[in-house]
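Below: the structure, in structure tokens.
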Amino acid sequence: MFRKDLKGNRGKRSFDDLESEKLGNYVYALRDPRDGKVFYIGQGKGNRLFDHFGQAESELWQSEIMSSKVLRILDIWSNDEDVDWTILAHHLEPEQINVVESVAIDVLGLSQNGVCLNEVRGPHSSMLSQDEIKSMGAAPINPTTPLSKVFLFSIKNGLADGRTTYDATRSAWYVKPELQELPAYAVGIKNGISVGGFQINSWASVGEKHEFQGTEYPPLLYYNWSKVISTARGFWQRGNYLIAEFDGKGKFRILRGAGTNKDWADI
């Protein structure tokens, strides 16, 4: 795919001692000179920035599977270009560096630049959308009408990957035929709050998995589902979805996710 002798960014591959001292802890950006877009945000000190170039050269010889970041570096080099790099902030205190890195990743993801190729999102991201701000004062879920089947799907990762709330909620799950009976509803949960609410109209197979077609159902939006989730927290934390039933009079029970115990509980 790439020439084995491929190299680039040989003009500067290290900071001298004085530069390193002045920089301290820093946050940096790697930029593709061909389209001007930042493709990676990182943090470190000393020569951490330049480690990516050595990694690219090493994986060129040793790895069959390369990260998206390394592939971009090698592609830039193969076009006789060097990766642009910039120090975004320097001489940072330890408690600042994660915040600065996270903010830079979040802002680029919102801009025309697009999402960076970091495998891990900013560790201290505190970005809030308008919907998330709206949900901060969310009341506990307590439907006033009976709902016999409500699917609870964790969609935090799906949203982080850039999916819409609807697609992240309905995307492929393992749902047995007996669980696909209607009427049914679905909520997309992020940090315990329902940021998506839908009435399920039908199910379709996607390979061995299934996804639903549905319409928005506002009565289930922007509620706190922590009490319901806590009933089957271990099951939920392993990436499984829950199914709950509500009697419309202040009680609920878990139909999927709590073993054989399906007792009614107060909300």
Run the accessible area of the stretch 28-117 with a 1.4 Å probe and give the carbon-and-sulfur part as a rounded percent. 48 percent
Using Cα springs under 10 Å in a Gaussian network model of the chain, which residue among Lys69, Lys134, Lys176 shows the largest mean-square fluctuation? Lys176
Tell me, what is a quarter of the convex hull surface for the C-alpha atoms of the stretch 61-166, in nm² with one decimal? 12.0 nm²
Mind scanning Lys156/Lys251; Lys156/Lys176; Lys45/Lys190; Lys22/Lys69; Lys149/Lys176; Lys134/Lys209 and naming the pairs with a C-alpha gap bigger than 25 Å? Lys156/Lys251; Lys45/Lys190; Lys22/Lys69; Lys134/Lys209
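Listed highest first by mean packing, meaning other Cβ atoms within 10 Å per residue, what order do 6-13, 189-196 come in?
On the way: 6-13: 12.8, 189-196: 21.0.
Ranking, from highest mean packing down: 189-196, 6-13.
What is the ratio of the Cα radius of gyration of the stretch 169-251 to 2.2 N^0.38 Å, where N is its residue count, to two decimals?
Numbers: Rg = 12.9 Å, N = 83, 2.2 N^0.38 = 11.8 Å.
Against the compact-globule rule of thumb, the ratio is 1.09.
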At 0.36 nm per residue, and after removing the present C-alpha to C-alpha distance, how many nm does the segment from Trp264 to Ile133 gain when stretched out fully? 44.0 nm
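Give me the percent of Cα-Cα pairs in the chain that sit more than 29 Å apart, rounded to a whole number. Intermediate results must be reported in sequence, preceding the final value.
Details: 17184 of 35511 pairs.
Result: 48 percent of Cα pairs exceed 29 Å.
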Candidate aspartates and glutamates - alpha carbon under 13 Å from Lys12, same-chain residues fewer than 8 apart omitted: Asp51, Asp82, Asp84
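Between Lys22 and Asn113, what length in nm is gained on full extension when 0.36 nm per residue of separation is reduced by their alpha carbon distance?
Working: separation 91, 0.36 × 91 = 32.76 nm, distance 2.94 nm.
Fully extending the segment from Lys22 to Asn113 adds 29.8 nm.
So between Gln199 and Ile65, what do we pick up on full extension, going 0.36 nm a residue minus the alpha carbon distance?
Working: separation 134, 0.36 × 134 = 48.24 nm, distance 4.12 nm.
Computed gain between Gln199 and Ile65 is 44.1 nm.
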Nearest 10, in degrees from 0 to 90: the angle of helix 48-62 to the longest Cα principal axis of the chain is 90 degrees
Shape category assigned to the stretch 113-225 from the gyration tensor of Cα positions, a/c cut at 1.5: oblate
Quick check: the angle from helix 94-110's long axis to the longest principal axis of the chain, C-alpha only, nearest 10 degrees? 70 degrees
Treating the beta-carbon of each Lys and Arg as +1 and of each Asp and Glu as -1, no other charges, what is the dipole magnitude of the chain about its Cα centre, to the nearest 20 debye? 860 debye
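For the stretch 1-102, how big is Rg over Rh, using alpha carbon atoms and the Kirkwood form of Rh? Display every interim value, and only then the final one.
On the way: Rg = 14.2 Å, Rh = 14.4 Å.
Rounded to two decimals, Rg/Rh equals 0.99.
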Rounded to the nearest 10, the angle in degrees between the Cα long axis of helix 68-78 and the longest principal axis of the Cα atoms of the chain comes to 30 degrees
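The values are calculated or read from the model by the stated rules, or taken from the named source; none is laboratory data. Keep in mind the model is a prediction, meaning the values are calculated, not measured. Methodologically, a virtual Cβ is constructed for each residue, glycine included, from the backbone with ideal geometry; neighbour enumeration extends over all protein chains shown. Side chains are part of the model used for accessible areas, which takes the heavy atoms of the whole protein and leaves out ligands, DNA and RNA. Shrake-Rupley method; radii C 1.70, N 1.55, O 1.52, S 1.80 Å.
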